[in-house]
Amino acid sequence: MPVFPNTRDDGDRTFTVALSSPTGGATLGTIDVATVVIHDNDAAGAVQFATASYAVSECAMLPCAAVLTVIRNGAGASGVTVDFATVDGTATALNDYVATTGQVSFAANQASAVIRIPLQIELGAQPLKSFSVTLTNPRGGATLGPQATTEVRITDTR
């Protein structure tokens, strides 16, 4: 019986094979049913930020965004998704950046994706400010890597 490969991290699969109705004078033995296990060899990998922090500059004109790279390590079977959300720090939503939530999606064998967080423009000189972005709820068999949170540091260009 052929086993057809896929690229999904879908766990081990089992099925049974039963022998019945022997012919030609044969008889069934005491074991006439077998369970077959197909071990899944696909892994979805771990998703995390490429770095612990990102340095961005406040822009003089809109639109302006912090561009963060999310990477997938270990394996690339199937498509996976992970949620993300911004968290205030010394930089706050509305004043310094736009609060953003969403999903990052990876196709099978895709190793990286980007998140864009819109930045705001504040008048006058500003001190260094920062906020965080956190990855949560990985799906499609993926797990979170050790760098599931990153810090975005905004420097003033004035």
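When ligands, DNA and RNA are left out and all protein chains stay put, how many square angstrom of accessible area per residue does the range 41-158 have with a 1.4 Å probe?
It amounts to 48 Å² per residue over the range 41-158.
Starting from the Cα of ILE121, move 7 Å in the Cα-to-Cβ direction to define the label point; list residues of the range 75-106 whose amide nitrogen is under 16 Å from there.
95-98
Among residues other than VAL133 whose Cβ falls under 15 Å from its Cβ, what is the net charge (Lys/Arg +1, Asp/Glu -1)?
Taking every Cβ under 15 Å from that of VAL133, the sum is -1.
Given a 1.4 Å probe and every protein chain left where it sits, what share in percent of the accessible area of the range 47-158 is carbon and sulfur?
Carbon and sulfur: 57 percent of the exposed surface of the range 47-158.
Using a basic spin-label model with each label point 7 Å from the Cα along Cα→Cβ, how many nm lie between ASN109 and THR92?
If labels sit at ASN109 and THR92, their model points lie 4.9 nm apart.
So what does log10 I(q)/I(0) come out to for the range 40-122 at q = 0.12, 0.15, 0.20, 0.24 Å⁻¹, using the Debye formula with one equal point on every Cα and no solvent?
So the normalised log intensities are -0.42, -0.61, -0.90, -1.13.
Once the piece of chain linking THR23 and THR101 is laid out straight, how much longer is it, given 0.36 nm per residue of separation minus the C-alpha distance between them?
Computed gain between THR23 and THR101 is 21.6 nm.
The values are calculated or read from the model by the stated rules, or taken from the named source; none is laboratory data. Predicted model, so just to flag it, every value in this text is computed and none were measured. Virtual Cβ from ideal backbone geometry, glycine too; neighbours counted across all protein chains shown. Surface accessibility is based on the protein's heavy atoms, side chains included, excluding ligands, DNA and RNA. Shrake-Rupley method; radii C 1.70, N 1.55, O 1.52, S 1.80 Å.
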